[in-house]
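Structure, as structure tokens:
The values are calculated or read from the model by the stated rules, or taken from the named source; none is laboratory data. Owing to the predicted nature of the structure, the values given are computational and were not obtained by experimental measurement. Cβ: placed from backbone, ideal geometry, glycine included. Neighbour counts: every protein chain shown.
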Amino acid sequence: INITKAEYIASAVEPRQFPEEKLRQIAFIGRSNVGKSSLINSLTRFHNLARVSREPGKTQTINFFKLTAKYYEDESIKDFYLVDLPGYGYAKTGQANRKKWASFIEKYFLFPQDLYCVCQLIDIRHDPMPSDINMFNWLLKHEIPVFVIATKADKLGKNSISKNISCIKKALKVPELTILPYSSVKNEGRSYLLDFIGHALVE
Ligand code: GTP
Ligand code: MG
């Protein structure tokens, strides 16, 4: 597919603010600063679509972006949402805030909607943190399909990439998992992810 249109639709802090139009959704979750907003910009090639920041905790609301995909084969068109979720594991937020975050995210995941899968982003340079592992297990427990993406792959050489991917699989305890290395700087992993989404929209 090719992304021909991408626009910001809504920011929500509770379900009544979710967009009215029902479209298939693909959500992005991960620790603060892991590169969720950057990945959305890289994927769409709309560079100011999602706000990026060097400071963790930039995205504080659930942000919906409506995208139009055009299929190469028959030029058919499909609209869908990419959903940028606020990051977890932000050290400076207190316990109260973390609780608020959890109930807020939970409401999103448990709200009836056409959520195809959650892309969980993990920094390729480090072992998954307990918060990553908890999130992953929570999604499995709720039978929400999860696709793991290892971000900032441009920061490592080839050998370290495959070594670190194995470490992530081991930490998540799913050895047969497919993990996609991604770089928003070099757009590596982009065409794989677009193919994945292309299939997701017609399934
Ligand atoms: P929150 O909204 O705070 O949860 O963060 P986020 O996950 O949306 O991260 P964001 O996309 O804002 O990126 C955080 C920082 O990482 C920024 O300084 C980005 O430029 C940088 N970054 C993101 N992706 C990549 C990447 O693929 N490679 C490199 N080298 N840097 C990246
Ligand atoms: Mg963000």
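Taken over the stretch 147-178, the criterion of being under 20 Å from residue 33 (Cβ atoms) and assigned to a loop (DSSP other than H, G, I, E, B) is satisfied by 152, 156.
Condition check ((1) basic (Lys, Arg); (2) crowded, with 16+ Cβ neighbours inside 10 Å) across all residues:
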site: 5; (1), (2): yes, no
site: 8; (1), (2): no, no
site: 18; (1), (2): no, yes
site: 31; (1), (2): yes, yes
site: 34; (1), (2): no, yes
site: 43; (1), (2): no, yes
site: 47; (1), (2): no, no
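If you check residue 118 against the conditions, is it within 16 Å of ligand 2 (Cβ to nearest atom), buried (at least 20 other Cβ atoms within 10 Å of the Cβ), under 20 Å from residue 81 (Cα atoms) and not aromatic (Phe, Trp, Tyr)? Yes, satisfied. Residue 51 meets each of the listed conditions (1) within 11 Å of ligand 1 (Cβ to nearest atom); (2) basic (Lys, Arg); (3) in contact with a Leu (Cβ under 8 Å, 6 or more places away or on another chain) apart from (3).
Checked across the stretch 179-194, the condition of being within 20 Å of residue 115 (Cβ to Cβ), assigned to a loop (DSSP other than H, G, I, E, B) and hydroxyl-bearing (Ser, Thr, Tyr) holds for no residue. Would you check which residues across the stretch 78-115 are modelled with pLDDT of 90 or more, buried (at least 18 other Cβ atoms within 10 Å of the Cβ) and part of a helix (DSSP H, G or I) and list them? 108 - this is the single residue of the stretch 78-115 that is modelled with pLDDT of 90 or more, buried (at least 18 other Cβ atoms within 10 Å of the Cβ) and part of a helix (DSSP H, G or I). Put simply, of 158, 152 the only residue that is of a type in the set (D, E, K, R) and more than 16 Å from ligand 2 (Cβ to nearest atom) is 158.
Answer yes if at least one residue in the stretch 116-129 is farther than 23 Å from residue 63 by Cβ, of a type in the set (D, E, K, R) and within 16 Å of ligand 1 (Cβ to nearest atom), and no otherwise. Yes: the stretch 116-129 contains one or more residues that are farther than 23 Å from residue 63 by Cβ, of a type in the set (D, E, K, R) and within 16 Å of ligand 1 (Cβ to nearest atom). Of all residues in the stretch 155-202, those being under 30 Å from residue 72 (Cα atoms), surrounded by fewer than 19 Cβ atoms within 10 Å (Cβ to Cβ) and polar (S, T, N, Q) number 3. Is it the case that residue 127 is surrounded by fewer than 13 Cβ atoms within 10 Å (Cβ to Cβ), charged (D, E, K, R) and out of contact with any strand residue (DSSP E or B) (no Cβ under 9 Å at 6 or more places or on another chain)? No. Being out of contact with any Ser or Thr (no Cβ under 7 Å at 6 or more places or on another chain) and either at pLDDT 95 or above or exposed (fewer than 12 other Cβ atoms within 10 Å of the Cβ) (or both) is a description that does not apply to residue 152. Report whether or not residue 196 is more than 17 Å from the chain's Cα centre (by Cα), within 30 Å of residue 66 (Cα to Cα), more than 16 Å from ligand 2 (Cβ to nearest atom) and hydrophobic (A, V, I, L, M, F, W, C). Judged against the criteria, residue 196 is not a match.
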